[in-house]
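Here's the structure we're looking at; comments come further down.
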Amino acid sequence: MNAAMQVTEIDLETRETRPRIPAPGKCIYCYEVYPDNELTEEHVIPYALAANAMILEKSCCKTCQREITKYEQAVLKHQLGVFRAQTDAPTRNKKDRPKEVDIHFVEVDENMEVTGDLGTRAIPIMAAPTMINLWQSPPPAILQETFSRPSEPWAWSDKAAVDALCKKVAEETGAKHGIAMSIGKVNRQHYLRSLAKMAHAYAAAEVGVDAFTPFLCDIILNKADDLETYVGDMPGIGPFVFDPDHTLQISLGEADGGDAGSYLVVRIQLYPSLRSPEHVVVVGRPTRNLDPNAQSAEQGA
């Protein structure tokens, strides 16, 4: 895939923000026109990941918001909730943050086969190893890439802290073999759907809701499940400079779809300092030339 990307990099430590983006005059998900008082502002990147970094004013109807909340909150609170608490990610109410994390321990042999169940322990958040669970996928099927990769959970953890905790459990239980611990589960559909929602909102904010024919609206609104057609991973896309201080990278560009023409794609990487999956989401087909250099030339002509 050939792609030219424009990049937005966010450092949550600085809580940096961009100017609010004017209302598009309709809901960006169902494309219905509503009075302003029936539309809510949309955090293009969820508040729980990027605070108020990007806000699109009056751009989501209440019906669509209810559908999105069903899976987005599950990802932010349940899948990423512990990691967000450990890293002091943005939250509207710190009282709602988890105080403990339930970790399941098992005894394993040299082949990592489970030989005994050691039960679940409630570990205080700040005493638990830092852990995060995401999902990695093959490239979006619509791009017809020749290489592939497994569709499976992706995890990162503080290995030294994990080893120390497992050693403590081994000493307390008298386990004779190795100790392994569960670091949580990922709901694949919820996670990929959340990526689709973020990518569509970012494209609408950057180029306008009418600048592309959308592919993802039914997926975002829980009406379709063909997630792998449009959402996947492709490492090495775009002109990115690795910076460990960046807590999120998101970018927009066009991809060559061969005989199908060009596609509008968004690349998303959460916590790139962890070398996490590089997600690519095909959001739609451009309805006009989106190259800023070409647009400037047309305006100057």
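The values are calculated or read from the model by the stated rules, or taken from the named source; none is laboratory data. Treat the numbers as computed from the prediction; the structure is a model and nothing was measured. Please note: Cβ atoms are built from the backbone with ideal geometry, for glycine as well, and neighbour counts cover all protein chains shown.
Can you name the residue in the range 21-49 that is of a type in the set (Phe, Trp, Tyr) and surrounded by fewer than 21 Cβ atoms within 10 Å (Cβ to Cβ) and, of all such residues, is nearest to residue 87 (Cα to Cα)?
Looking at the filtered set, the residue picked out is 47.
Restricting attention to the range 251-275, which residues are of a type in the set (Phe, Trp, Tyr) and part of a strand (DSSP E or B)?
263
Would you check if there is a residue in the range 136-144 being hydrophobic (A, V, I, L, M, F, W, C) and part of a loop (DSSP other than H, G, I, E, B)?
Among the residues of the range 136-144, not one is hydrophobic (A, V, I, L, M, F, W, C) and part of a loop (DSSP other than H, G, I, E, B), which makes the answer no.
So which residues in the range 132-152 are among the hydrophobic types (A, V, I, L, M, F, W, C) and modelled with pLDDT under 90, if there are any at all?
147
Within the range 165-182, is there a residue that is among the hydroxyl-bearing types (Ser, Thr, Tyr), over 20 Å from residue 61 (Cα atoms) and surrounded by fewer than 19 Cβ atoms within 10 Å (Cβ to Cβ)?
Looking through the range 165-182, at least one residue is among the hydroxyl-bearing types (Ser, Thr, Tyr), over 20 Å from residue 61 (Cα atoms) and surrounded by fewer than 19 Cβ atoms within 10 Å (Cβ to Cβ).
From the set of residues in the range 50-81 that are in a helix (DSSP H, G or I) and buried (at least 22 other Cβ atoms within 10 Å of the Cβ), which is modelled with the lowest pLDDT?
My answer is 50.
What about residue 201, is it in a loop (DSSP other than H, G, I, E, B), small (Gly, Ala, Ser) and modelled with pLDDT of 95 or more?
Taking the combined requirement at face value, the residue does not satisfy it.
Any residue that is closer than 26 Å to residue 47 by Cβ, under 20 Å from the mean Cα position of the chain (by Cα), modelled with pLDDT of 90 or more and of a type in the set (Phe, Trp, Tyr) - is there at least one of those in the range 257-278?
no
Can you tell me which residue is surrounded by the fewest Cβ atoms within 10 Å (Cβ to Cβ) among those in the range 124-155 that are farther than 30 Å from residue 104 by Cα and hydroxyl-bearing (Ser, Thr, Tyr)?
Applying the filter and picking the extreme gives 146.
What's the number of the condition residue 33 fails, among (1) at pLDDT below 90; (2) closer than 18 Å to residue 214 by Cα?
(1)
So, residue 162, is that one of a type in the set (Val, Ile, Thr), assigned to a loop (DSSP other than H, G, I, E, B) and out of contact with any Lys or Arg (no Cβ under 9 Å at 6 or more places or on another chain) or not?
Judged against the criteria, residue 162 is not a match.
Considering only the range 51-78, state which residues are in contact with a His (Cβ under 9 Å, 6 or more places away or on another chain) and within 15 Å of residue 197 (Cα to Cα).
54, 55, 56, 70, 71, 72, 74, 75
If I ask for residues that are assigned to a helix (DSSP H, G or I) and in contact (Cβ under 8 Å) with a residue 40 or more places away in the chain, which ones from the range 82-106 would you list?
82, 83, 85, 86
Every residue in the range 111-123 that is surrounded by fewer than 11 Cβ atoms within 10 Å (Cβ to Cβ) and polar (S, T, N, Q), please.
111 - this is the single residue of the range 111-123 that is surrounded by fewer than 11 Cβ atoms within 10 Å (Cβ to Cβ) and polar (S, T, N, Q).
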